[in-house]
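Since the structure comes first, as structure tokens, the remarks are kept for the end.
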Amino acid sequence: GDSVTQTEGLVTLTEGLPVMLNCTYQTIYSNPFLFWYVQHLNESPRLLLKSFTDNKRTEHQGFHATLHKSSSSFHLQKSSAQLSDSALYYCALGQGGRALIFGTGTTVSVSP
Amino acid sequence: EAAVTQSPRNKVTVTGGNVTLSCRQTNSHNYMYWYRQDTGHGLRLIHYSYGAGNLQIGDVPDGYKATRTTQEDFFLLLELASPSQTSLYFCASSEQGTTGNTLYFGEGSRLIVV
């Protein structure tokens with residue numbers, strides 16, 4: 001069945017360093033939508049960015065991701081992490097009109 | 001900004017107890033969802049609906065019932081609560097199906113079953 005894999009459960013880094021969160025997916029549909037949601041402590045998840053277009057970079061709030069259908073990937077990147085980026089990040093797959101499928105999430109902890 | 005409101009925000013019940021979680025959205029969205037969030041499992045879909053009277057089964061439906069009484073209101077029912085249902089529950093809504101459409105989440109309802 002369809003699925004989303006986030007390999008890192010926890011990413012710890014120092015402020016100012018780059019961050020990359022991995023996301024791969026599996027689906028039988030040829031035109032999936034991929035999403036990144038972010039959830040700060042004691043808050044609810046909210047959309048960070050989304051993409052439908054193969055090989056096109058999508059950016060929002062300093063983060064960017066590119067959907068690569070050839071490798072079924074949608075990794076999230078930021079060139080310089082900030083303390084406020086500490087949060088739980090979910091990759092999610094939307095396809096075929098069904099409800100979103102979320103990965104298990106990656107917790108990012110940024111220290112000074 | 002879409003508004004999704006859940007109640008209660010916190011609930012403690014005993015094993016075998018009866019619990020109803022409520023969700024209301026005021027944005028005329030067609031789709032509503034119930035997810036549970038657990039460490040190591042992420043967000044898992046319990047049930048969802050695309051309109052009043054409609055119900056679709058999600059990925060972890062066992063032990064849960066749901067009912068969509070109006071376009072605005074979506075309820076999650078636990079008729080015989082078990083400790084394994086201790087979790088943080090999120091309701092969400094979207095204008096259309098999630099392919100390409102943003103989910104708007106409520107504040108969450110934390111349930112503890114003792």
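The values are calculated or read from the model by the stated rules, or taken from the named source; none is laboratory data. Treat the numbers as computed from the prediction; the structure is a model and nothing was measured. Here Cβ is always computed from backbone atoms with ideal geometry, including for glycine, and neighbour counts include all displayed protein chains. Note: accessible area is taken over every heavy atom of the protein model, side chains too, but ligands, DNA and RNA are not part of it. Shrake-Rupley method; radii C 1.70, N 1.55, O 1.52, S 1.80 Å.
Brief remarks on what is shown
- The sole residue among B:VAL114, B:VAL12, B:VAL4 that is surrounded by 15 or more Cβ atoms within 10 Å (Cβ to Cβ) and aliphatic (A, V, I, L, M) is B:VAL4.
- Residue that is surrounded by fewer than 23 Cβ atoms within 10 Å (Cβ to Cβ), of a type outside the set (Ser, Thr, Tyr) and free of Cβ contacts under 8 Å to residues at least 40 places away in the same chain, where the choices are A:LEU49, A:LEU88, A:LEU83: A:LEU49
- Failed item, numbered, when A:GLU59 is tested on (1) open to solvent by 40 Å² or more (accessible area, probe 1.4 Å); (2) within 12 Å of chain B (Cβ to nearest Cβ): (2)
- Yes/no for A:TYR25 being aromatic (Phe, Trp, Tyr) and within 11 Å of chain B (Cβ to nearest Cβ): no
- Among (1) open to solvent by 40 Å² or more (accessible area, probe 1.4 Å); (2) modelled with pLDDT of 95 or more; (3) assigned to a loop (DSSP other than H, G, I, E, B); (4) within 20 Å of B:THR102 (Cβ to Cβ), the one test that A:SER44 misses: (1)
- Unique match (being over 20 Å from B:GLN96 (Cβ atoms) and within 14 Å of chain B (Cβ to nearest Cβ)) among A:SER86, A:SER44, A:SER70: A:SER44
- Test result for B:SER93, at negative phi, modelled with pLDDT under 95 and assigned to a strand (DSSP E or B): yes
- For the stretch A:93-102, the candidate set comprises residues that are in contact with a Leu (Cβ under 8 Å, 6 or more places away or on another chain) and open to solvent by less than 10 Å² (accessible area, probe 1.4 Å); within that set, the residue that is nearest to A:TRP36 (Cα to Cα) is A:LEU93.
- Hey, A:GLU8 under 14 Å from the mean Cα position of the chain (by Cα) and open to solvent by less than 50 Å² (accessible area, probe 1.4 Å) or not: yes
- Residue ID - farthest from B:VAL19 (Cα to Cα), chosen from residues in the stretch B:53-99 that are hydrophobic (A, V, I, L, M, F, W, C), open to solvent by less than 10 Å² (accessible area, probe 1.4 Å) and within 14 Å of chain A (Cβ to nearest Cβ): B:ALA92
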